[in-house]
1. For the range 215-236, what are the residues that are open to solvent by 30 Å² or more (accessible area, probe 1.4 Å) and in a helix (DSSP H, G or I)?
2. Search the range 168-214 for residues being over 17 Å from the mean Cα position of the chain (by Cα) and of a type in the set (A, V, I, L, M), and hand back the single one that is surrounded by the fewest Cβ atoms within 10 Å (Cβ to Cβ).
3. For residue 77, are the conditions met, namely being more than 40 Å from the chain's Cα centre (by Cα), over 22 Å from residue 188 (Cβ atoms) and open to solvent by 10 Å² or more (accessible area, probe 1.4 Å)?
4. Taking residue 8 as meeting all but one of (1) at pLDDT below 60; (2) assigned to a loop (DSSP other than H, G, I, E, B), write down the number of the exception.
5. Residues in the range 179-187: is at least one closer than 18 Å to residue 137 by Cα and of a type in the set (Val, Ile, Thr)?
6. Just to be sure before I move on: is residue 160 farther than 30 Å from residue 219 by Cα and either charged (D, E, K, R) or without any contact (Cβ under 8 Å) to a residue 12 or more places away in the chain (or both) in the structure I sent?
7. Restricting to the range 140-157, give me the number of residues that are in contact (Cβ under 8 Å) with a residue 12 or more places away in the chain and either aromatic (Phe, Trp, Tyr) or open to solvent by 20 Å² or more (accessible area, probe 1.4 Å) (or both).
8. Considering only the range 68-106, state which residues are hydroxyl-bearing (Ser, Thr, Tyr) and over 20 Å from residue 55 (Cβ atoms).
Amino acid sequence: MSKLGNLGARLYRGEVGYDFVGKRKIWYGISILITITAIVGLAVRGLNMGIEFEGGAVFNTPKTSASVSKAEEAAEKASGHDAIVQKLGDDKLRIQIAGVDINKSDQIKKDLAKDLDVKAADIDADLVGPSWGEQIANKAWQGLAIFMVLVVIYLAIAFEWRMALAALIALIHDITITVGVYALVGFEVTPGTVIGLLTILGYSLYDTVVVFDSLKEQSKDITKQTKYTYSELANRSINGTLVRSINTTVVALLPVAGLLFIGGGVLGAGMLNDISLSLFVGLAAGAYSSIFIATPLVADFKEREPQMKALKKRVLAKRAAAAAKGESAEAPEPGDSLDDEEPQDAVPGDAAPAVVGPRSQPTSRSRGKGRPSGKRR
């Protein structure tokens with residue numbers, strides 16, 4: 001077995017682990033700092049909305065010897081607006097002008113043809129009105145809101161409302177960070193960006209549900225034992241799925257990083273940036289929130305319940321009693337399970353009293369040595 005696989009098996013069995021839940025205030029502080037930075041960037045710089053949302057025109061030229069800088073200068077001169085020019089295959093150019101009056105598109109096309117030394121009839125123009133762009137933006141927000149509502153309803157039914165609330169906070173956390181990065185970097189927001197956002201939200205939710213499912217299974221009949229608090233079981237669930245989360249995140253990030261850094265950066269394929277950036281940032285933020293935000297939040301919510309408070313008192317009291325007797329006062333050894341726990345209402349002491357009667361047996365094999373345990377008749 002590989003070292004990583006061996007580590008994953010040991011994490012799953014609880015033989016090793018890291019106290020993610022115990023250090024949750026650190027993760028909360030980091031997330032708050034990153035979120036504030038994203039919000040400030042969004043407020044100061046704003047989003048660079050594409051023509052699909054603001055309206056404008058896209059001109060695709062035939063093969064030309066004109067450079068990108070010359071085409072930008074010509075487009076800005078002809079339209080009076082900032083232009084984005086991308087070089088396509090066969091020396092063709094894609095000129096994008098946002099906010100331009102589409103009624104002036106014919107005149108802009110003629111000016112471009114003159115400056116770029118091509119025929120006006122060979123330039124293809126795609127026009128987008130501002131009302132259509134506004135409609136697309138509204139549909140995007142509606143789709144996002146419906147997605148959030150359905151996620152909360154599903155998680156509340158499949159698990160419980162506390163997990164649904166924690167997952168919703170984690171998703172909002174991921175969206176805020178991704179949108180903030182877009183504002184800080186200045187990449188254009190297009191329908192591809194929206195697709196990327198919805199994709200990473202689904203991925204983040206999947207990773208969160210995996211941990212929640214493990215936690216739901218481990219916390220079954222939790223109040224009938226006195227070994228673990230809810231937070232400790234939540235931490236075991238995170239550690240048990242940690243290697244799986246890391247593997248899936250790395251595998252998902254590698255091709256996206258290829259699109260963003262090689263395709264968009266080295267090769268200059270700017271059209272890939274709008275979707276690859278949202279995927280890269282969102283996948284990383286989603287993995288982080290699933291481990292460091294969602295599950296610790298569930299533990300915080302659950303620990304406020306009267307039953308969980310009472311359980312925590314019993315667990316701590318048992319450990320204090322063990323410490324007073326000279327035994328280990330630490331949490332149970334790694335690998336212990338709830339099934340090994342003696343009943344909650346067992347009589348405390350060195351050994352449970354034996355029942356004398358027909359076919360009675362000692363109630364403890366490891367305790368009460370040297371004491372009478374009853375006789376058969």
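The values are calculated or read from the model by the stated rules, or taken from the named source; none is laboratory data. Predicted model, so just to flag it, every value in this text is computed and none were measured. No Cβ is skipped: glycine too gets one built from the backbone with ideal geometry, and neighbour counts run over all protein chains shown. These accessible areas exclude ligands, DNA and RNA; they are computed on the full protein's heavy atoms, side chains included. Shrake-Rupley method; radii C 1.70, N 1.55, O 1.52, S 1.80 Å.
1. Correct list: 216, 217, 218, 223, 224, 232, 236.
2. Filtering first and then ranking leaves 185.
3. Here the answer is no, as residue 77 does not meet what is asked.
4. (2)
5. yes
6. No: the conditions fail for residue 160.
7. Number of matching residues: 6.
8. Hit for the range 68-106 is 69, nothing else.
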